[in-house]
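Presented below is the structure to which this report refers.
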Number of protein chains: 2
Amino acid sequence: MCDSCGCHNHGHEADKDAEKRVVEVHESLLAANNRQADENRRHMEAMGAVAINMISSPGSGKTTLLEHTVAALGGSLRMGVIEGDIETERDAERIRKKGVPVVQITTGGACHLDAPLVHKGLHGLEHQAMEAGLKGFDLIFIENVGNLVCPATFYLGEHQRIVLVSVPEGSDKPAKYPFTFKGAHTFVITKTDLLPHFDFSMEEVRKEALEINPELRILEVSAVTGQGMDDWIDYLKGLVTVE
Amino acid sequence: MCDSCGCHNHGHEADKDAEKRVVEVHESLLAANNRQADENRRHMEAMGAVAINMISSPGSGKTTLLEHTVAALGGSLRMGVIEGDIETERDAERIRKKGVPVVQITTGGACHLDAPLVHKGLHGLEHQAMEAGLKGFDLIFIENVGNLVCPATFYLGEHQRIVLVSVPEGSDKPAKYPFTFKGAHTFVITKTDLLPHFDFSMEEVRKEALEINPELRILEVSAVTGQGMDDWIDYLKGLVTVE
């Protein structure tokens, strides 16, 4: 019973019980996810690979950045891509045209990838590598479902977690989605060629992101003009050398 | 035990049990949400209002469209706004400057609004209306958390559900997020002034959206140049007159 509006039967008490059960079950599912993620990590290390989990809103330019990355690094590093989407094979088709092994995973409604789905993706990559005569991978990119919130909760076994924000989305995103930035190693600001058309403050976005996560590495890129792509490529090469 | 990679203890069986329990508990929570949403709807109708639930990715221009809508309609309709965000009061501050009652709801991590949160927001709006000497509302806008996936599952009591996609996000979004478009009444394509800078196909986006939901009304707007704003305003006026 809600005193202020007088409306009955909100079921608030029932909600609380159900919410408590949801929390318990989610914790148990999350623990199972994390065990699988640890397994994925060992699995990818056995393949010789460093893995990168890419998280952003829909349309931030993850696939476009990957297309240009494959073009720039294809000669020197062995790459594989796991594409996560709710529906469609389109992103995988775009990457496949660039000539690297790619597996599309559709979640069928879920707003994020989880470790068991990535595990399936890894077997798909291995199968393609075998057919192509590749003995392993240097870099595995996991492009998560377009969503700035849910993927942040699910560790997939990655060595590096990257959050991307494009200039058209606005410079207020770190403050509005702090949890996602807290859990990331690297923050990539994309579509910087569009800066003249938007009221986007590079100073604000950097300051607020670093307040949330002082360890965050920040890169600015435009896949279209190539601006900042050298720094991005150096960063990726550094991961493979160091780890 | 996973035969193909030989790795043990994935906990797949435990996962299945937990997943089944999650589904059951979610169904019970969703039923409670829907009961509260029906209550919200009656509540808003008692205030004389038609309610609109606005769903999009972060940075699609929901708040900017609202700012311009309030400026255009402020003289003729009584409006109230409920702002949903994970963190920060920024969107509410932007709307407040336009001089209409606005309540900010922060979900503290959750990726969507639910009906109980909107119920709290309604009481906040009523309180502000009383202080301002308003006797009710014609239109209540509920700006959901920036997320193209999760909000689609939660009915809030709205009369119209609007999904927004901005030109920079790309014209492939309806096919990639079909569930969100299936449940919407209206699809607003925003930031159309940027069409010359992007490879965005208006034909593709319209065709694919209508394949998913043939009843969908589609509007194209640029809040910045004002292009299409007349159609948007006429649509809103029509809702108030008809319902």
What number comes out for accessible area per residue over chain A if the probe is 1.4 Å? Units Å², please. 42 Å²
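Using a 10 Å cut-off around each Cβ of peptide A:169-175, what is the average number of partner chain Cβ atoms that fall inside? Before the final figure, lay out each step's value.
Details: counts 9, 7, 1, 7, 3, 1, 5.
Whole-number average of other-chain Cβ neighbours for A:169-175 is 5.
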For region A:48-71, which residues drop by 10 square angstrom or more in accessible area between the chain on its own and all protein chains together (1.4 Å probe)? A:Ser57, A:Pro58, A:Gly59
Below 24 Å, Cα to Cα, which lysines can A:Lys135 reach? Residues fewer than 8 away in the same chain don't count. A:Lys97, A:Lys98, A:Lys120, A:Lys237
Globularity index of the protein assembly as shown, i.e. its alpha-carbon radius of gyration over 2.2 N^0.38 Å: 1.00
If you build the convex hull over the alpha carbons only and average its shadow over all orientations, what do you get for region A:123-243? Give it in nm² to one decimal. 8.8 nm²
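How many percent of the accessible area of the protein assembly as shown is carbon or sulfur, using a 1.4 Å probe? Working shown, then result.
On the way: 10150 of 20430 Å².
About 50 percent, which is the carbon plus sulfur part of the accessible surface.
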Inverse of <1/r> over all distinct C-alpha pairs of chain A, i.e. the Kirkwood Rh in Å, gives 19.2 Å
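In Å², rounded to the nearest 100, what is the total accessible surface buried by chains B and A against each other with a 1.4 Å probe?
Working: alone 12320 and 12330 Å², together 20430 Å².
The summed interface area works out to 4200 Å².
With a cap of 16 neighbouring Cβ atoms within 10 Å, and only residues DSSP puts in a loop, list the trypsin sites (Lys or Arg not before Pro) found in region A:82-130.
Values: sites: A:Arg90, A:Arg94, A:Arg96, A:Lys97, A:Lys98, A:Lys120; in loops: A:Lys97, A:Lys98.
Taking region A:82-130 and a limit of 16 other Cβ atoms within 10 Å, the loop trypsin sites (Lys or Arg not before Pro) found are A:Lys97, A:Lys98.
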Can you give the mean number of other chain Cβ atoms that lie within 10 Å of the Cβ atoms in peptide B:84-91? 4
Can you compute the modelled spin-label distance between B:Tyr235 and A:Ala46, with each label point 7 Å from Cα toward Cβ, in nm? 5.3 nm
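The values are calculated or read from the model by the stated rules, or taken from the named source; none is laboratory data. Here the structure is a predicted model, which means the values were calculated and not measured. Cβ sites come from the backbone with ideal geometry, for glycine too, and all protein chains shown count toward neighbours. These accessible areas exclude ligands, DNA and RNA; they are computed on the full protein's heavy atoms, side chains included. Shrake-Rupley method; radii C 1.70, N 1.55, O 1.52, S 1.80 Å.
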